[in-house]
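The values are calculated or read from the model by the stated rules, or taken from the named source; none is laboratory data. Everything numeric in this text was worked out from a predicted model, so none of it was measured. Note that each Cβ is placed from the backbone with ideal geometry, even for glycine, and that neighbours are counted across all protein chains shown.
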Amino acid sequence: MPERTPYIAANWKMNKTVAEAAEFIDALLPRIAATQCDVVICPPFTALSEVVQRRYGTAVKVAAQNMHEGESGAFTGEVSAAMLVELDVEAVVLGHSERRQYFDETDEALARKVPAALAADLEPILCVGESEGARDAGETEEVLERQLQADLADVESGDLARVVIAYEPIWAIGTGRTATPEQAQETCAFIRDVLRMRGAAADELRVIYGGSMKPANAAELLAKPDVDGGLIGGASLDPADFAAIVEAAG
Ligand code: PGA
C-alpha cells in the first residue's frame, strides 16, 4: 500500500491581517523545519501573497479558502483559479460548511469548482460533513455519500486522488467537541470506500479530519490508519499550537 504523506492544513478563516500573517509564518517556519508532512496554510485572500512570499524556499504550501469556477466575468467579489495560480497559490479549500451554511455554497457550484481547480492545477481540499441532527438520526453515511457524489460528479476517476477530502462534522467545528478517534477513523474509511467505488486510487487519496483538532487530541486522531491529516481552525491561529499538531503528525 503506498505511504500517504500526512497533510496538515491551517484554516485561518476570517482571521489575520497581512502583518499578523507575516508574524505567524516567521514564528512557524523554524518550528516545523524538520517535518516530512505536507503543511498547508489557508489565509484570507488579502494575506495570500504575503504568506506565499515568506514561505518560498520551504515545503509549506498555500491555499485559498474559496474560489469561483469561472475564468473571468461579471462576478463582483469573486476570485478565479487563474488569479490564485498567478500568486503561486497551490491549493484551495472548497465547500467548507461555513460557506455552505452562511453563503449558500451549493453542491451544484462545487461540482463546477472542483474540476475548475484541478484544470488550473490547484489542489482542491473538498470539505464534507454531517450535521448533529444527521448523525443522531444515523444518516451520516447517506449525507456524506450524497455530498461526495454530487461535488465530484464531473471529476474523472483518474483525477479523484488529486483531491484532498476533509471530513468535517459540523457539530465538531469550533465547538470544542471533537469526534472520537473511532468516529473519525470509521467515517474517513467510509469516505475512502465511497471514492474507491467511484474508481479512485483510494490508497493514495488523502482523507483528513477537521473539527476542534488541537495539540491535546491530534496524536490520537492522526494515529488512526484512515485519518491522513487535519484541517485545523481555531488551533491553527497560534504558531506553537499549530506546530505541535504538525509534530504529532510525524
Ligand atoms: P476548528 O475548525 O478547528 O476551529 O473546529 C475547523 C475547520 O472549520 O476547518
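Against the condition over 30 Å from residue 115 (Cβ atoms) and touching a residue at least 60 places away in the same chain (Cβ under 8 Å), how does residue 234 come out, does it pass?
yes
Of the residues making up segment 156-172, those that are in contact with a helix residue (DSSP H, G or I) (Cβ under 6 Å, 6 or more places away or on another chain) and among the β-branched types (Val, Ile, Thr) are 165, 170.
Considering (1) among the β-branched types (Val, Ile, Thr); (2) within 19 Å of the chain's Cα centre (by Cα); (3) surrounded by fewer than 18 Cβ atoms within 10 Å (Cβ to Cβ), the lone condition that residue 89 does not fulfil carries the number (3). The set of residues from segment 96-141 being within 17 Å of residue 78 (Cβ to Cβ) and part of a loop (DSSP other than H, G, I, E, B) comprises 96, 103, 104, 105, 106, 120, 122. The sole residue among 187, 106 that is without any contact (Cβ under 8 Å) to a residue 12 or more places away in the chain and under 18 Å from the mean Cα position of the chain (by Cα) is 106.
Scanning segment 93-109 turns up at least one residue that is of a type in the set (A, V, I, L, M, F, W, C), more than 17 Å from residue 171 (Cβ to Cβ) and away from the ligand (no atom under 16 Å from the Cβ). Of the listed requirements (1) within 16 Å of the ligand (Cβ to nearest atom); (2) modelled with pLDDT of 95 or more; (3) aliphatic (A, V, I, L, M), residue 137 misses just one: (1). Residues in segment 21-46 that are under 15 Å from residue 237 (Cα atoms) and loosely packed, with under 15 Cβ neighbours inside 10 Å: how many? Of the residues in that region, 3 qualify.
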